[in-house]
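The values are calculated or read from the model by the stated rules, or taken from the named source; none is laboratory data. Everything numeric in this text was worked out from a predicted model, so none of it was measured. For neighbour counting, all protein chains shown are included, and Cβ atoms are generated from backbone atoms with ideal geometry for every residue, glycine included.
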Amino acid sequence: MLLEEAREQAITRKLLFGHTVSVVHLGEAYLRADRIDEAIEVAQHAVHLARNYKERGNEAYALRLLGDIVAHRQPPEVEEAETHYRQALALAEELGMRPLQAHCHLGLGTLYAKTGHWEQARAALTTAIDLYRTMDMTFWLPQAEATLALVSG
């Protein structure tokens, strides 16, 4: 995978600028490829890197990725996913990272919908939708609206 090669080259050449972001992207790619064990390992490494280099914004992205990964497992690891999403959300709110806030709410809403927590799902999804609309983030809006429609039934 090209992202794996880029990561290895960055490590070899000691190019650390942007390294945490690259690691997060690699974790996302592993998740999309359903390589969950590798995704977890890489996301945990991204959190470690971000904390080590005091990259709080990247830490928030890595935490959200961890939430996505454990929520994707079958069955979802609800408490762990919720913890990661809430940690990411707290950092995103503190740092004013509104798109990430919306993504965290979408993740929480989707998680709650999967586990039958309908009221929590509606609240989180409504917040995500409001944020996406306010920021004119139309790519994510249909996914959030479709999930809310399923929950509202």
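Taken over the range 91-138, residues that are under 17 Å from the mean Cα position of the chain (by Cα) and acidic (Asp, Glu) amount to 2. Per the conditions (1) crowded, with 19+ Cβ neighbours inside 10 Å; (2) free of Cβ contacts under 8 Å to residues at least 24 places away in the same chain; (3) within 14 Å of the chain's Cα centre (by Cα), the sole criterion not satisfied by residue 64 is (2).
Pairs meeting the criteria (first residue in the range 48-59 and farther than 14 Å from residue 84 by Cα, second residue polar (S, T, N, Q) and in a helix (DSSP H, G or I), beta carbons under 7 Å, at least 6 apart or on different chains) are 49/20; 50/20; 50/58; 53/20; 55/20. Select from the range 101-120 the residues that are of a type in the set (A, V, I, L, M, F, W, C) and either crowded, with 19+ Cβ neighbours inside 10 Å or under 12 Å from residue 82 (Cβ atoms) (or both) and list them in ascending order. Hits for the range 101-120 are 102, 104, 106, 108, 111, 113. On inspection, residue 76 passes the criterion of being at pLDDT below 95, closer than 27 Å to residue 141 by Cβ and surrounded by fewer than 24 Cβ atoms within 10 Å (Cβ to Cβ).
Screening the candidates 105, 72, 48 for the property of being under 22 Å from residue 146 (Cα atoms), out of contact with any Lys or Arg (no Cβ under 8 Å at 6 or more places or on another chain) and in the same structural domain as residue 27 (by TED's automatic domain parsing) yields one hit, 72.
From the set of residues in the range 1-53 that are assigned to a loop (DSSP other than H, G, I, E, B) and either in contact with a Phe, Trp or Tyr (Cβ under 8 Å, 6 or more places away or on another chain) or at pLDDT 95 or above (or both), which is surrounded by the most Cβ atoms within 10 Å (Cβ to Cβ)? Among those residues, the one meeting the criterion is 35.
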